[in-house]
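The values are calculated or read from the model by the stated rules, or taken from the named source; none is laboratory data. If you're wondering where the values come from, they're calculated on a predicted model, not measured in any experiment. In this analysis, Cβ positions are derived from the backbone assuming ideal geometry, glycine residues included, and neighbour counts consider all displayed protein chains.
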Amino acid sequence: MTLVQRILTEKRKLVTVVALILVVDLVIYGLAVAPWANRVVQADAETAEAEALLFEARRNHQSAARKTEIRQEADRELQRFYREVLPQGLPEARALLAPFVDRVADDTGLVVERRSNLLERETDSVLGRLSTTVVLSGEYEDIRRFVFALETSPEFIVIEEIVLSQAEQSRRGLVLTLSAATYFWEGTGV
């Protein structure tokens with residue numbers, strides 16, 4: 001008889017009890033501990049996923065809040081532009097555009113030969129557009145000073161088109177055909 005057979009024979013009750021305890025432990029582990037351990041692992045994974053989603057949601061919220069702040073600041077700046085920079089209505093735009101162009105032409109030594117004005121209004125816009133096309137004659141340096149004065153003036157006047165041509169034989173110098181416009185506020189509640 002070998003040593004193992006002798007131990008199994010003499011300690012049969014003890015070995016049987018230990019074997020039963022081991023089987024019960026395996027059954028308990030298989031039916032209770034392992035599923036709970038899997039559930040804990042799944043719960044940890046779900047928690048990590050939820051934390052990642054929470055982090056992403058917080059980041060998206062912060063981004064949306066920044067975008068909202070930027071949009072609100074842009075709206076405030078636009079309203080300030082409407083109130084402080086643009087002429088308030090057609091009469092103010094008329095009083096600005098033609099007299100200003102005439103004054104700058106006089107200051108730079110140019111002669112206004114003719115002018116035409118055009119008023120444009122769009123149905124869905126709170127802004128109107130008053131444009132003028134003016135034909136001026138004079139020397140090249142005077143024309144340069146005129147254009148520079150218009151471009152650097154604090155008045156909201158946009159130069160849209162410039163055509164420079166040689167004057168006819170009877171006149172001296174150059175002819176400048178200039179299209180300029182100003183926009184004006186037509187809306188309410190500024």
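Using the structure shown, decide if L118 is aliphatic (A, V, I, L, M) and loosely packed, with under 12 Cβ neighbours inside 10 Å.
Answer is yes for this residue.
Return only the number of the condition from (1) assigned to a strand (DSSP E or B); (2) in contact (Cβ under 8 Å) with a residue 24 or more places away in the chain that E120 does not satisfy.
(2)
Would you confirm whether or not the stretch 133-152 contains a residue that is assigned to a strand (DSSP E or B) and touching a helix residue (DSSP H, G or I) at 6+ places or on another chain (Cβ under 7 Å)?
yes
Output the residues belonging to the stretch 162-171 that are free of Cβ contacts under 8 Å to residues at least 24 places away in the same chain and out of contact with any Leu (no Cβ under 9 Å at 6 or more places or on another chain).
E168, Q169, S170, listed by residue number.
Working only within the stretch 129-148, note down all residues that are touching a residue at least 40 places away in the same chain (Cβ under 8 Å) and not charged (D, E, K, R). Quick ask: steps written out before the conclusion?
Of all residues in the stretch 129-148, those touching a residue at least 40 places away in the same chain (Cβ under 8 Å) come to 129-136, 146.
Selection gives L130, S131, T132, T133, V134, V135, L136, F146.
Within the set of pairs 6+ apart or on separate chains, which have a first residue in the stretch 149-161 that is at pLDDT below 90, a second that is in a loop (DSSP other than H, G, I, E, B), and C-beta atoms under 6 Å apart?
Here the result reads F156/V85; F156/L86, each pair linking the stretch 149-161 to a residue that is in a loop (DSSP other than H, G, I, E, B).
Could you check, for the stretch 173-181, whether at least one of its residues is modelled with pLDDT of 90 or more, surrounded by 12 or more Cβ atoms within 10 Å (Cβ to Cβ) and closer than 19 Å to Y82 by Cβ?
Checking the stretch 173-181: at least one residue is modelled with pLDDT of 90 or more, surrounded by 12 or more Cβ atoms within 10 Å (Cβ to Cβ) and closer than 19 Å to Y82 by Cβ.
Being touching a residue at least 12 places away in the same chain (Cβ under 8 Å) and assigned to a helix (DSSP H, G or I) narrows it down to one residue among E77, E92, E49; which is it?
It is E92.
Got a number for residues in the stretch 75-115 being among the polar types (S, T, N, Q) and surrounded by fewer than 17 Cβ atoms within 10 Å (Cβ to Cβ)?
2
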